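The values are calculated or read from the model by the stated rules, or taken from the named source; none is laboratory data. All values reported here derive from a predicted model rather than from experimental measurement. Cβ: placed from backbone, ideal geometry, glycine included. Neighbour counts: every protein chain shown.
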Amino acid sequence: MSTFTKRQVLGLGAAALAGAVGIGYAITAGSGTAGFEHTVLSVDEMKQTGGLIVDIRTPPEWAETGVIDGAQLVTFTDPARFLAKVGPTLADGRDLILVCRSGSRSEAAARALEGRIPNRIISVAGGMGKVIAGGYQTVAPS
């Protein structure tokens with residue numbers, strides 16, 4: 001019997017949930033064919049894409065660590081509600097860049113959004129933990 005890490009179990013649970021609600025996804029990390037990318041980006045790299053940076057954490061998390069200056073703050077609860085809030089801003093075709101605390105929620109959200117919008121979706125691996133560890137100075141949420 002094989003042993004799974006907590007991350008693998010959470011990933012399997014997210015995959016099962018996505019399948020249960022009829023949201024297709026592809027596990028093609030690194031191949032460039034998935035509807036989303038899960039990659040490490042600095043804040044400068046995020047901003048250079050011209051994409052919409054969305055911090056999908058909760059208000060207490062925003063208050064605890066601060067946020068990326070200029071990021072839109074929208075807690076991800078479900079794809080439809082999320083797209084109702086950010087969809088109009090994405091109508092110009094720009095990338096959607098998702099940031100959470102560690103990268104796990106942003107990856108799950110990217111999978112849930114995959115195929116629902118034509119925009120490239122980027123999940124920031126390592127999340128705000130990696131961003132802050134890299135020396136970025138956050139701002140207070142507004």
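Taking the range 1-104 as the region of interest, the strands (runs of 3 or more DSSP E) fully inside it that hold 1 or more residues being at pLDDT below 95 are 36-39.
Comparison of Thr39, Thr77, Thr49 shows that the only residue that is free of Cβ contacts under 8 Å to residues at least 60 places away in the same chain and surrounded by fewer than 17 Cβ atoms within 10 Å (Cβ to Cβ) is Thr77.
For the range 105-125, what are the residues that are outside any strand (DSSP E or B) and either within 8 Å of the chain's Cα centre (by Cα) or within 18 Å of Asp69 (Cα to Cα) (or both)? The answer is Arg105, Ser106, Glu107, Ala108, Ala109, Ala110. Filtered by the rule that a residue be of a type outside the set (Val, Ile, Thr) and surrounded by 15 or more Cβ atoms within 10 Å (Cβ to Cβ), the range 60-71 gives Glu61, Trp62, Gly66, Ala71.
Inside the range 126-142, can you point out the residues that are more than 10 Å from the chain's Cα centre (by Cα) and not in a loop (DSSP other than H, G, I, E, B)? Quick ask: steps written out before the conclusion?
Taking the range 126-142 first, the residues more than 10 Å from the chain's Cα centre (by Cα) are 126, 128-142.
Matches in the range 126-142: Met128, Gly129, Lys130, Val131, Ile132, Ala133, Val139.
Kindly check whether there is at least one residue in the range 91-110 that is among the aliphatic types (A, V, I, L, M) and surrounded by fewer than 19 Cβ atoms within 10 Å (Cβ to Cβ). Even if it seems obvious, please write down each step before you answer.
So the first thing to find is which residues in the range 91-110 are among the aliphatic types (A, V, I, L, M), and the list is 91, 96-99, 108-110.
Filter once more, so that each one left must be surrounded by fewer than 19 Cβ atoms within 10 Å (Cβ to Cβ): 91.
Looking through the range 91-110, at least one residue is among the aliphatic types (A, V, I, L, M) and surrounded by fewer than 19 Cβ atoms within 10 Å (Cβ to Cβ).
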